[in-house]
Amino acid sequence: MTKTSLPIEVRGSARQPLGMSPAQFLRDYWQKHPLLIRNAFPDFTPPLEPDDLAGLACEEEALSRLIIHDERRDRWTVKTGPLSEEDFAKTPSENWTLLVQDVDKWDADVAALLESFRFLPSWRVDDIMISYAEPGGGVGAHVDQYDVFLLQGLGQRHWAISDDPEAPTDFRDDVELKQLKHFEPTHEWLLEPGDMLYLPPGVPHDGVAFGGPCMTISVGMRAPSRAELTGDLADYLAERLADEDRYRDPDLKPVRAAGEIDRAALARVRDALPFAALDDATLADWFGRFITRYRVARAPAAPDKPIAEAAFAKLLGEGAPLLRHPWSRMAWARGKDGATLFANGQAYPAPAELAERLCAERTLDAGRKPSAAERALLLALVNDGHLVIQKGRRR
Ligand code: SIN
Ligand code: CO
């Protein structure tokens, strides 16, 4: 991060949660500089109660952690969920926090917060994590590898960050939380409900609940590492290459130096690798599949019995709404003829306009009668579990 004369603190409004246009935010701050937006969500009330969060943390399938800090001895204990009522009964009166990931998949009101982040590609958004903390509670100073928007939901949180590009990032080896050994803040703020702190990847930060119960809503992004991209693309390409398709050297000349891997051999190896010849269509097909299953904790389950075409047409005709499954992750790409919709690693031929709507809207309002191609896509998505028919409901 280079030093900048841009303000690090701005004021938002109902019209501009970022305190500026999305285009300006992306140009000046996104992936570059931290930004505190006071009043990003005016008169904010959290979409769920602390008790709802605790209840969710007790669910078998939810990803949760309870973190208690023994301040006197600087010892941290981490208990991963599912948690029980006894776990909460045993918590001290302060210095603890509960974190629950993927809350957007469990709660439609939480998922609705993502509407304000539509200026980002939806496949770039990972999840909404929500934390509840008693005074002094937090996860300690750390860095994240992903951009994050930290929206204060309830109570106050003290945030300290460092925008020093030289800040050391070595971790404490006595704590499983990947906490920083050294942390010297350059900026500190007290956030009130509705204030939001944006952090690009790699900015050391520490958030501590202040004064009373505190809820923080983290909208987290995801970015595959180049190593993950390379490994997955290599697998994708390898699966499509025949075993007989091998290293060839019909132009071989008599060996001059025993054992030498000469330039001609290197050129043949390069030709044998499919990366250089990768065309846009293949790249899009691989990336769409990859990014829609990357870091997905769960996948929607297909219905027990597939629904038949005629029964589906009837339900659509009756106006039954189609709800996108919360664990369905979609993206799409245009191709030479039409488009492809990707959902949790699968690819479906799709009319572009419908693919866009499927990514944008959680409840599909078919509006006009779908064409045969649209109906075929919707039926395939229903039978793979990505769309759920709300029987007995009318739009
Ligand atoms: C939180 O404790 O709510 C935020 C955790 C973080 O800093 O990533
Ligand atoms: Co963090």
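The values are calculated or read from the model by the stated rules, or taken from the named source; none is laboratory data. Values in this document were obtained by computation on a predicted structure and should not be read as measured data. Ideal geometry is used to build each Cβ from the backbone, glycine not excepted, and the neighbour counts take in all protein chains shown.
Before moving on, here are some points about what is shown:
- Taken over segment 209-239, the residue count meeting the criterion of being buried (at least 22 other Cβ atoms within 10 Å of the Cβ) and either touching a Pro at 6+ places or on another chain (Cβ under 6 Å) or of a type outside the set (S, T, Y) (or both) is 5.
- Hey, L99 under 18 Å from G138 (Cβ atoms) and surrounded by 16 or more Cβ atoms within 10 Å (Cβ to Cβ) or not: yes
- Matching residues, segment 41-58, being under 17 Å from I128 (Cα atoms) and part of a loop (DSSP other than H, G, I, E, B): F41, F44, T45, P46, P47, L48, E49
- Taking the criterion of being assigned to a loop (DSSP other than H, G, I, E, B) and either within 16 Å of ligand 2 (Cβ to nearest atom) or at pLDDT 95 or above (or both), the only residue of segment 63-76 that qualifies is L63.
- Looking across segment 183-232, the residues that are away from ligand 2 (no atom under 16 Å from the Cβ) and in a strand (DSSP E or B) come down to L190, F210, G211, G212, P213.
- Per-region count, segment 211-233, residues of a type in the set (A, V, I, L, M, F, W, C) and without any contact (Cβ under 8 Å) to a residue 12 or more places away in the chain: 1
- Taken together, the criteria place T97 among residues that are in contact (Cβ under 8 Å) with a residue 60 or more places away in the chain and within 14 Å of ligand 2 (Cβ to nearest atom).
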